[in-house]
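In what follows, a structure is listed as structure tokens, so that the remarks can point back to it.
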Amino acid sequence: MALDLAFVRSQFPALADGFAYFDNAGGSLVLGNVADRVRDYLLTTSVQTGASYPQSRRAVERLSEARARIALMLNAARPEEIVLGPSTTVLFQWLAHAMEGQLQPGDEIVVTDFDHESNIGPWRALEKRGIVIKTWSLDPDTLTVDLDALDRLMGPRTRLVAVTHTSNILGTINPVAEIAKRVHARGAAIAVDAVAYAPHRAVDVQAWDVDYYVFSFYKTYGPHFAVMYGKHDRLLELDGLYHYFYGRDKVPAKLEPGNANYELAWGAAGIVDYLDALGGGTGDRAAITRAFDAIAVQEESLSERLLGYLNGRNDVRIVGHRAGDAALRVPTIAFKLDGRHSDAIVRDVDAAAVGIRFGDFHSRRLVEHLGLAADGGVVRVSMVHYNTLEEVDRLVAALDRALH
Ligand SMILES: Cc1ncc(COP(=O)(O)O)c(C=O)c1O
């Protein structure tokens, strides 16, 4: 099924301003239907849940419908496995906190030095409770994950491996199912940051057999809100974060302290309606898979076009895969220019009504480890399926002027 780009672009009202948005890994544009749903929720069902009057009952129905829709998007086995929260960073902090009761001094957690800090810092903070932190690095030659190195890092006391599905700088898709298999073989759990993956490919937490899987809706065409999938048995084991009378079996409520943001939950479910429409409107997982298959084709052509230009220059260092292959990467492309400050390049491109960005994108350990922190870090062009080849050509023309 080919992507209907005219339909796609019509769903994002902000595109009407003619700007080329290539900062999507920072935050994507929002679907019109998501905004409509937030407004509708606020104006019709913004009452407290749990009462017997009809509007309150309607609010409860909407929230459970939203949770079920989001469960479908992730292919969770049941809606109770969907934990909603304000951001990925906060969800990882909550998760680390909720695991404290099951960790003993001397237990080990493996973190990477190639994740966004959201999935490193909360685990490293457990060091003060006697947890031993081990660091998994990339293969320095290929900049891909070294599975044997992971095997060597894990031992009998390893309790958790925290890893990204896709780096927000390299754009490389990590073999999350294979990593989960190796982690489980050691009796440990896996916590995955999928923020840079979920806007690009279908998520299937059951197929990959991950334990915790977290991403933010504001990079996935929705509002500033986030989701953590947790395998039901794992959620039951976690400490509660809410009041004492929310018992251990109260999932996900015990992990959502305070009231979840109802209007954003209802709004975020609109992302699933959009994916369903893109995939033929059959209302099932197959539609979501078809939608992302079409998205991957569009994304690969965007990557190929930009990488074709960047590969042709001998003063550009691409940080990550040099080919656009959708099986290997998403269209988040970072590069560095010999002897040039990344800031200056980005500002020149701004002037052409093309939005890109420079820095370390809170993946500071990765940028420092690769020796890329000087001169403003890397330039990052992060595309999604609503971008067009014409926009890439505009970017290339602007880069060409800036790079002279
Ligand atoms: C890969 C990755 N992980 C985590 C985050 C943090 O997400 P949030 O802002 O929802 O905490 C980001 C945000 O840039 C990200 O790119």
- If we keep only residues of region 218-234 that are assigned to a loop (DSSP other than H, G, I, E, B) and either touching a Lys or Arg at 6+ places or on another chain (Cβ under 6 Å) or among the hydroxyl-bearing types (Ser, Thr, Tyr) (or both), then the residue nearest to the ligand (Cβ to nearest atom) is THR220
- Residue list for region 67-108, filter: among the small types (Gly, Ala, Ser) and either in a loop (DSSP other than H, G, I, E, B) or outside the structural domain of PHE215 (by TED's automatic domain parsing) (or both): ALA76, ALA77, SER87, GLY106
- Message: I need a count of the residues in region 341-362 that are in contact with an Asp or Glu (Cβ under 7 Å, 6 or more places away or on another chain) and either touching a residue at least 40 places away in the same chain (Cβ under 8 Å) or within 16 Å of the ligand (Cβ to nearest atom) (or both).
- Response: 5
- Query: What number of residues in region 22-68 are surrounded by fewer than 18 Cβ atoms within 10 Å (Cβ to Cβ) and among the basic types (Lys, Arg)?
  - Reply: 3
- Query: Can you spot a residue in region 208-217 that is outside the structural domain of TYR21 (by TED's automatic domain parsing), more than 12 Å from the ligand (Cβ to nearest atom) and of a type in the set (A, V, I, L, M, F, W, C)?
  - Reply: yes
- Message: Let me confirm something: among THR144, THR158, THR166, THR172, which residue is closer than 22 Å to LEU126 by Cα and β-branched (Val, Ile, Thr)?
- Response: THR158
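What residue, among those in region 190-207 that are part of a loop (DSSP other than H, G, I, E, B) and of a type in the set (Gly, Ala, Ser), is nearest to the ligand (Cβ to nearest atom)?
ALA196
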- Note on the structure: The number of residues in region 80-116 that are within 16 Å of the ligand (Cβ to nearest atom) and either of a type in the set (Lys, Arg) or surrounded by fewer than 19 Cβ atoms within 10 Å (Cβ to Cβ) (or both) is 6
- Of everything in region 139-180 that's in contact with a Leu (Cβ under 8 Å, 6 or more places away or on another chain) and in contact (Cβ under 8 Å) with a residue 40 or more places away in the chain, which residue is surrounded by the fewest Cβ atoms within 10 Å (Cβ to Cβ)? LEU143
- How many residues are at pLDDT 95 or above and over 30 Å from LEU3 (Cα atoms) if we restrict to region 259-277? 2
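The values are calculated or read from the model by the stated rules, or taken from the named source; none is laboratory data. Please read these numbers as outputs of a predicted model, since none were measured by experiment. Using ideal geometry, Cβ is built from the backbone for each residue, glycine included, and neighbour counts are taken over all protein chains shown.
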